[in-house]
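In what follows, a structure is listed as structure tokens, so that the remarks can point back to it.
The values are calculated or read from the model by the stated rules, or taken from the named source; none is laboratory data. Source: prediction; values computed, not measured. Using ideal geometry, Cβ is built from the backbone for each residue, glycine included, and neighbour counts are taken over all protein chains shown.
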Amino acid sequence: MTQPPGQPPQGGFGAPQDQPPHGHAPQAQPPQPPNTPPQPGYGFPQQPGPYAPPGPYAQPGPYAQQPGPYGYPPQPGGAAPYGPPPGGPYAQQPGPYGYPQAPYPGAPGTPPGPGGSRKKTAIIAGAVAAALLLVGGTVYAVTSADSGGKKPVAHKSDDPKPTVTAPVDPGDGSGDGRSDTDDLNAGRKPGEAKVLWYKTAPDAPGSGADAPGMWITGRTAVKAAYKQVFAYRVADGNPAWAPIAFPQKICAVTPDPVGGKIVVGYMNGVSDRAKCDQLQQIDLDTGKKGWHGEIPEGGLFDSAMNVQLITSGNTLLVGRSQSGIAFDIRDGHKLYESKKYGEDCFPAGFTGGGGRLIQVASCGTGGSNEHDEVRQLDAVTGKVKWTQPIKKGWRVQHAYAVNPLVIYLVNDEKKAWNISTLTDGGKFRSEVKVDEKFMTSCGWAVLNRALQGCQGAVVADDTLYLPTNATTGPNEIVAISLATGKEKWRVKSPTDESMTPVKAEGGKLVAYVHASYDTGGRVVAIPVSGSVHRAGTLLQNPSSTAEIEDTFFSSAIAWADGRFYLSSNRLTGNDDDKEKLMMAFGK
């Protein structure tokens, strides 16, 4: 049953943790100064911040006039339980319902999921003709207690199998890697997939470097790393075209190809005042460079030091810290700017896709009327289609999907969360009402909102799929109706390792069951209709290369045309060994 008209969302269960859905290495962490030791722990920064203050919180539900019927005890490791505050995200009267909240995303001591510490894996759903990638311009974690220098531990096994040594192929076109691939497949068992190819990363500075983006076309797998963009043939990993080198480090990438082309942003220098203001269009299949442009600087506090690149149709929207500037992605021609409106509303973040362009604005900062607003813009003209105010105290943190629009909100003061779905006209439709703690993996931005790039959350056919955060044993994927916010069904991981949604295709949900030190990961398909929802194996990765698969640092995955791709989103700069960049499996 949908929420009655005019009522605000009531506050759902099971806050996404913004932490790794599987675990041995974390993913997202604020940028660190050169030569600063990596921070330990999971999820977001461990130092005190707006999303992780210490101490218990146990107030009534987020939209409730009365305390909710449930309550969570303190979590292992000292994580404070959520404290759902009165009043919901939308600027209307509070509703009659109240729901408990799970531990706050990224809070210190948030418990790891199954298999010990969680690897923060960004899930990237590849399409047949175009792939998806992580949010452009976000900054990813450098290390954790389990990666960033710690080598895999050797374990005894009753079944003898060959020792696997990761091949040294820098992925720069200097070799085809055929013999290395043969070595990796030497211990493959009947029924297991093949390692199609494997590439190591270019050298990165000691402070680490981003390796954002992974685009899969019918012919080419393209990957950015530090100052270069590499391309490989999807079937055999041979170089598809010569690597493209940039004078400075890559700082942003477009999330989706448009017409087979992407846009890469790179820095204009190396100083502390350097800007992420250089744009270069690249053809994914040929490696040919298209137009080059420069992002103009905004006003006094409108910085281009860290930007987001968003696509919607043929529009490329560059999000600065307090504004956005739109270009025609085909030729780089400037279309319009999205700036301050009203007395004190500044654009704080953008997301887009499927012909929609969504803006979140921050209004009345520091004043009594401080609040967020969500707006849909015409992607071609920048004109506002609708505006939805958010109730004071609530912040739009992420967008799980754009069409339909599914947003994740937090209340910093009360340590509460909410997942809401909006109609095409911007009105509240429903909210998640599932009593569960979920685990998603979202990007992080320095000066603006990282609205896009939440991996592990899949939306298709009016259903939201989220992975649970199990502290021991296998986790589950829960299907939630966007019409009612209620659970439709759930499926348990077939192993003790976490299972994370990847994409929906062919009437099934494709998910990745993560590898362990001695068992390869697998790609599974779950029927989304009918009464039986069981994970059937599409691809079983070989156990002989499980240690390599399991120890990719800050990994992203893609599934396209029956092939499974695994890549790193962050390079640690560790000089002891060649870092992993990308790996492909297939039959």
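Going by what's in this entry, would residue 312 be described as farther than 20 Å from residue 302 by Cβ and crowded, with 21+ Cβ neighbours inside 10 Å? Even if it seems obvious, please write down each step before you answer.
Values: farther than 20 Å from residue 302 by Cβ: yes; crowded, with 21+ Cβ neighbours inside 10 Å: yes.
Yes, satisfied.
State all residues of segment 529-587 that are outside any strand (DSSP E or B) and in contact with a helix residue (DSSP H, G or I) (Cβ under 7 Å, 6 or more places away or on another chain); if no residue qualifies, say none. Write out each step before concluding.
Going through segment 529-587, the residues outside any strand (DSSP E or B) turn out to be 529-535, 541-554, 561-562, 569, 572-579, 587.
Once the filter is applied, which keeps residues that are outside any strand (DSSP E or B) and in contact with a helix residue (DSSP H, G or I) (Cβ under 7 Å, 6 or more places away or on another chain), segment 529-587 yields 541, 545.
Among the residues here, residue 498 qualifies as touching a residue at least 40 places away in the same chain (Cβ under 8 Å) and small (Gly, Ala, Ser). For segment 292-314, the candidate set comprises residues that are assigned to a strand (DSSP E or B), farther than 12 Å from residue 252 by Cα and polar (S, T, N, Q); within that set, the residue that is nearest to the chain's Cα centre (by Cα) is 311. Sort out which residues of segment 315-326 are surrounded by fewer than 23 Cβ atoms within 10 Å (Cβ to Cβ) and in a strand (DSSP E or B), and write them in order of number. Listed by number, the list holds a single entry, 325.
Cβ-Cβ distance below 7 Å, separation of 6 or more or different chains: which pairs start in segment 424-440 with a residue that is under 22 Å from residue 355 (Cβ atoms) and free of Cβ contacts under 8 Å to residues at least 40 places away in the same chain and end on one that is in a loop (DSSP other than H, G, I, E, B) and among the charged types (D, E, K, R)? Cβ pairs passing all conditions: none.
For (1) touching a residue at least 24 places away in the same chain (Cβ under 8 Å); (2) touching a strand residue (DSSP E or B) at 6+ places or on another chain (Cβ under 8 Å); (3) closer than 28 Å to residue 184 by Cα; (4) not aromatic (Phe, Trp, Tyr), each residue gets a yes or a no:
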| site | (1), (2), (3), (4) |
| --- | --- |
| 221 | yes, yes, yes, yes |
| 242 | yes, no, yes, yes |
| 245 | no, yes, no, yes |
| 251 | yes, yes, no, yes |
| 264 | yes, yes, no, yes |
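Once segment 428-483 is narrowed to residues that are of a type in the set (Lys, Arg) and more than 30 Å from residue 275 (Cα to Cα), the residue that is surrounded by the most Cβ atoms within 10 Å (Cβ to Cβ) is 437. Here segment 234-275 is the region considered, the condition is being charged (D, E, K, R) and more than 24 Å from residue 203 (Cβ to Cβ), and the residue that is nearest to the chain's Cα centre (by Cα) is 256. The set of residues from segment 211-226 being crowded, with 24+ Cβ neighbours inside 10 Å and either touching a Gly at 6+ places or on another chain (Cβ under 9 Å) or farther than 18 Å from residue 444 by Cβ (or both) comprises 212, 213, 214, 215, 216, 221, 222, 223, 224, 225.
Given 484, 519, which one is within 23 Å of residue 187 (Cβ to Cβ), part of a loop (DSSP other than H, G, I, E, B) and touching a residue at least 12 places away in the same chain (Cβ under 8 Å)?
Numbers: 484 fails: within 23 Å of residue 187 (Cβ to Cβ).
Among 484, 519, only 519 is within 23 Å of residue 187 (Cβ to Cβ), part of a loop (DSSP other than H, G, I, E, B) and touching a residue at least 12 places away in the same chain (Cβ under 8 Å).
Assess whether residue 262 counts as being part of a strand (DSSP E or B) and farther than 18 Å from residue 308 by Cβ. Break it down stepwise before answering.
Values: part of a strand (DSSP E or B): yes; farther than 18 Å from residue 308 by Cβ: no.
In short, no.
Can residue 502 be described as modelled with pLDDT of 95 or more and within 18 Å of residue 464 (Cα to Cα)? For residue 502, the condition - modelled with pLDDT of 95 or more and within 18 Å of residue 464 (Cα to Cα) - is met.
Within segment 370-388, restricting attention to residues that are in a loop (DSSP other than H, G, I, E, B) and either touching a residue at least 12 places away in the same chain (Cβ under 8 Å) or of a type outside the set (Lys, Arg) (or both), which residue is surrounded by the fewest Cβ atoms within 10 Å (Cβ to Cβ)?
Of segment 370-388, the ones in a loop (DSSP other than H, G, I, E, B) are 370, 378-383.
Next cut, either touching a residue at least 12 places away in the same chain (Cβ under 8 Å) or of a type outside the set (Lys, Arg) (or both) only: 370, 378-382.
Values: 370: 14, 378: 14, 379: 23, 380: 16, 381: 11, 382: 19.
Ranking the qualifying residues of segment 370-388, first place goes to 381.
Return yes when residue 260 is modelled with pLDDT of 95 or more and touching a Cys at 6+ places or on another chain (Cβ under 6 Å) and no when it is not. No.
Return the total of residues in segment 332-369 being assigned to a loop (DSSP other than H, G, I, E, B) and crowded, with 20+ Cβ neighbours inside 10 Å. Spell out the reasoning first.
We begin by selecting, within segment 332-369, every residue assigned to a loop (DSSP other than H, G, I, E, B); these are 332-333, 339-340, 342-344, 354-355, 364-369.
Right, trim to crowded, with 20+ Cβ neighbours inside 10 Å and you get none.
Of the residues in segment 332-369, 0 are assigned to a loop (DSSP other than H, G, I, E, B) and crowded, with 20+ Cβ neighbours inside 10 Å.
Residue check: is residue 262 within 30 Å of residue 587 (Cα to Cα) and either hydrophobic (A, V, I, L, M, F, W, C) or surrounded by 21 or more Cβ atoms within 10 Å (Cβ to Cβ) (or both)? For residue 262, the condition - within 30 Å of residue 587 (Cα to Cα) and either hydrophobic (A, V, I, L, M, F, W, C) or surrounded by 21 or more Cβ atoms within 10 Å (Cβ to Cβ) (or both) - is met.
Scanning segment 487-498 for residues that are in contact with a strand residue (DSSP E or B) (Cβ under 7 Å, 6 or more places away or on another chain) and in a loop (DSSP other than H, G, I, E, B), we see that the one that is farthest from residue 526 (Cα to Cα) is 497.
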